[in-house]
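**Q** Below are the structure tokens for one structure; questions will follow.
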Amino acid sequence: MERKNVWNSYDENQLEALETLAKNYRAFLDAGKTERECVKEAVRLAEAAGYRNLENVIAAGEVVKAGDKVYAVNMKKTLALFSVGKESLDKGMRILGAHIDSPRLDLKQNPLFEDTDLALLDTHYYGGIKKYQWLTVPLALHGVVAKKDGTVVELAIGEKEEDPVLCISDLLIHLAGKQMEKKASQVVEGDDLNVLVGSRPLKGKEDEELKDAVAACVMDVLRRQYGMEEEDFLSAEIEVVPAGKARDCGLDRSMVLAYGQDDRVCAYTSLAALLDTAPQEKTCCCLLVDKEEIGSVGATGMESAFFENTVAELMNCMGCYSELSLRRALKNSRMLSSDVSAAFDPGFASFFEKKNSAYFGRGLVLNKYTGSRGKSGSNDANAEYIARLRRIFDDHGVAFQTAELGKVDVGGGGTIAYISALYGMDVIDSGVALLSMHAPMEIASKADIYEAKKGYEAFLQEA
Ligand code: MN
Ligand code: MN
């Protein structure tokens, strides 16, 4: 039952469409390195495609009807978009879900300190990372500083050609004998992930010796550029991410190398599929959520009531809200919960089971179940639902493959599928396979990105 590599099935037109999609995808990655930036960019793209903010629709007392396109934003970090269909909403929706948060280092609330004439920012990592991978790579700061006066300053340092970048230093190999004998998880400890941000002391007035003059110099820069005081770190959300743009990868340019492809590769293709799909019989939806990497918790994670509340608001605008209709709308929906899969890596073959692994170039991945230690914590998609998807993908010429995340009992991971499944809707984990998942730079196949978008479009039309 081996699945075919899809590259040689493409004609010139398809190859051109594949490259255009990859280019737009790279631009999306460059514009969105945090969940807030992703929401902002997705809203920009959606508004250009005729989507309107549901809040404004509600405020204006407008009626929402078939053919309308609306979106709702939750705390600037979660986004739900709806293309309203002709059929009544309680018959169910077709939902494409993905997450837009990615593993990274967050600045602590009191981050700035000075040690031996170096200024550093202390971090607390977010999501699962191999800590040593974050040393000696160019880093950027992205985020917001919320001030007491209510203003919120957006901050991005390290992306423009003329910007400085930041870095976490590592011990030189010459002295690293003991370090190299440590377990990889202890080569650098979480609290030692300190970002080097300065080495030059601020000059005091008339030879006055300043205390912590190097840190003061860093604050002086932030004060001048962003009007921020050190206390403002208390109410800031600043993420440390790899600096630089997404790039074509491979001498044949068949792949994309970039930060944050988990799960923006599924988020972007889901969004693009919705924006490129004309209104259908059923209402189509794209849901982009935050906090997946730390368990989908909190007001902006999948576990929050945001999605359910938004569907209720939408139904109310359509004049068809009742508690029972809302329950039915959710229960009768079908969903592709998209998140990245592990691509088979020949360099680490022993961690995979070959015939149940995902491979670059073999298309959209379906994971019947995820979880670990006996599928624990997994949504387990029904066979009947998978059969329906197989038919849709085959009818639309979408290359797809099925996979598990590595060998049994080697590890595991979670997604958002099990949370939507609580409504009783049909949902399956699907997505794009990555090499080096959760590393500062992750790799995806352009063919898989292309097939994912094709698959999502076919799903919106027929599921
Ligand atoms: Mn993910
Ligand atoms: Mn992840």
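**Q** Considering only the stretch 102-130, state which residues are buried (at least 17 other Cβ atoms within 10 Å of the Cβ) and away from ligand 2 (no atom under 16 Å from the Cβ).
**A** Those that are buried (at least 17 other Cβ atoms within 10 Å of the Cβ) and away from ligand 2 (no atom under 16 Å from the Cβ): L107, P111, L112, E114, A119, L120, L121, D122, T123.
**Q** Turning to a different aspect of this structure: So R264 ticks every box in (1) more than 16 Å from ligand 2 (Cβ to nearest atom); (2) in a helix (DSSP H, G or I) but one. Which box is left unticked?
**A** All conditions are met except number (1).
**Q** Something else: Within the stretch 204-221, restricting attention to residues that are modelled with pLDDT under 95 and touching a helix residue (DSSP H, G or I) at 6+ places or on another chain (Cβ under 8 Å), which residue is surrounded by the fewest Cβ atoms within 10 Å (Cβ to Cβ)?
**A** In this case the residue turns out to be G204.
**Q** Given the criteria in the same structural domain as L45 (by TED's automatic domain parsing) and away from ligand 2 (no atom under 16 Å from the Cβ), does D276 qualify?
**A** On the way: in the same structural domain as L45 (by TED's automatic domain parsing): yes; away from ligand 2 (no atom under 16 Å from the Cβ): yes.
It is true that D276 is in the same structural domain as L45 (by TED's automatic domain parsing) and away from ligand 2 (no atom under 16 Å from the Cβ).
**Q** Is it the case, given these coordinates, that R3 is of a type in the set (K, R) and at pLDDT 95 or above? Lay out the reasoning, then the answer.
**A** Values: of a type in the set (K, R): yes; at pLDDT 95 or above: no.
For R3, the condition - of a type in the set (K, R) and at pLDDT 95 or above - is not met.
**Q** Just give me the residues in the stretch 339-370 being away from ligand 2 (no atom under 16 Å from the Cβ) and part of a loop (DSSP other than H, G, I, E, B), in sequence order.
**A** Going through the stretch 339-370, the residues away from ligand 2 (no atom under 16 Å from the Cβ) turn out to be 344-357, 359-364, 366, 368-369.
F344, D345, F352, E353, S357, Y359, F360, G361, R362, G363, K368, Y369 - these are the residues of the stretch 339-370 that are away from ligand 2 (no atom under 16 Å from the Cβ) and part of a loop (DSSP other than H, G, I, E, B).
**Q** Sort through G455, G377 and tell me the only one that's within 16 Å of ligand 2 (Cβ to nearest atom) and either more than 30 Å from C167 (Cα to Cα) or charged (D, E, K, R) (or both).
**A** On the way: G455 fails: within 16 Å of ligand 2 (Cβ to nearest atom).
Sole residue among the options that is within 16 Å of ligand 2 (Cβ to nearest atom) and either more than 30 Å from C167 (Cα to Cα) or charged (D, E, K, R) (or both): G377.
**Q** Next question, about the same structure. Which of the residues belonging to the stretch 342-371 are of a type in the set (S, T, Y) and either within 22 Å of the chain's Cα centre (by Cα) or closer than 25 Å to Y456 by Cα (or both)?
**A** In the first step, residues of the stretch 342-371 are kept if they are of a type in the set (S, T, Y); the result is 350, 357, 359, 369-370.
Selection gives S357, Y359, Y369, T370.
**Q** Ok, one more. With the requirement that a residue be part of a loop (DSSP other than H, G, I, E, B), of a type outside the set (A, V, I, L, M) and within 17 Å of the chain's Cα centre (by Cα), what does the stretch 419-463 give you?
**A** The first filter runs over the stretch 419-463 and keeps only residues part of a loop (DSSP other than H, G, I, E, B), leaving 424-425, 432, 436-441, 463.
The next check asks that each one be of a type outside the set (A, V, I, L, M); those that pass are 424, 436, 438, 440.
Listed by number, the residues that qualify are S436, H438, P440.
**Q** Same structure, new question: Considering only residues of the stretch 100-141 that are within 16 Å of ligand 1 (Cβ to nearest atom) and assigned to a strand (DSSP E or B), which is nearest to the chain's Cα centre (by Cα)?
**A** Top of the filtered list is R104.
**Q** Please find, among D163, D170, the residue that is modelled with pLDDT of 95 or more, in the same structural domain as P138 (by TED's automatic domain parsing), in a loop (DSSP other than H, G, I, E, B) and closer than 25 Å to G32 by Cα.
**A** Working: D170 fails: closer than 25 Å to G32 by Cα.
Of the residues listed, the single one that is modelled with pLDDT of 95 or more, in the same structural domain as P138 (by TED's automatic domain parsing), in a loop (DSSP other than H, G, I, E, B) and closer than 25 Å to G32 by Cα is D163.
**Q** Same structure again: Going residue by residue through the stretch 302-310, is there one that turns out to be of a type in the set (D, E) and within 15 Å of ligand 2 (Cβ to nearest atom)? Walk me through it before giving the result.
**A** Kept after step one, since they are of a type in the set (D, E), are these residues of the stretch 302-310: 303, 308.
Filter once more, so that each one left must be within 15 Å of ligand 2 (Cβ to nearest atom): none.
No, the stretch 302-310 has no match at all.
**Q** Residue under question is E293, and the condition is that it be acidic (D, E), in a loop (DSSP other than H, G, I, E, B) and within 16 Å of ligand 1 (Cβ to nearest atom); does it hold? Quick ask: steps written out before the conclusion?
**A** Details: acidic (D, E): yes; in a loop (DSSP other than H, G, I, E, B): no; within 16 Å of ligand 1 (Cβ to nearest atom): yes.
Spelling it out, it is not the case that E293 is acidic (D, E), in a loop (DSSP other than H, G, I, E, B) and within 16 Å of ligand 1 (Cβ to nearest atom).
The values are calculated or read from the model by the stated rules, or taken from the named source; none is laboratory data. Predicted, not measured: the structure shown is a model, and the values here were computed from it. Here the Cβ is made from the backbone with ideal geometry for all residues, glycine too, and neighbour counts use every protein chain on show.
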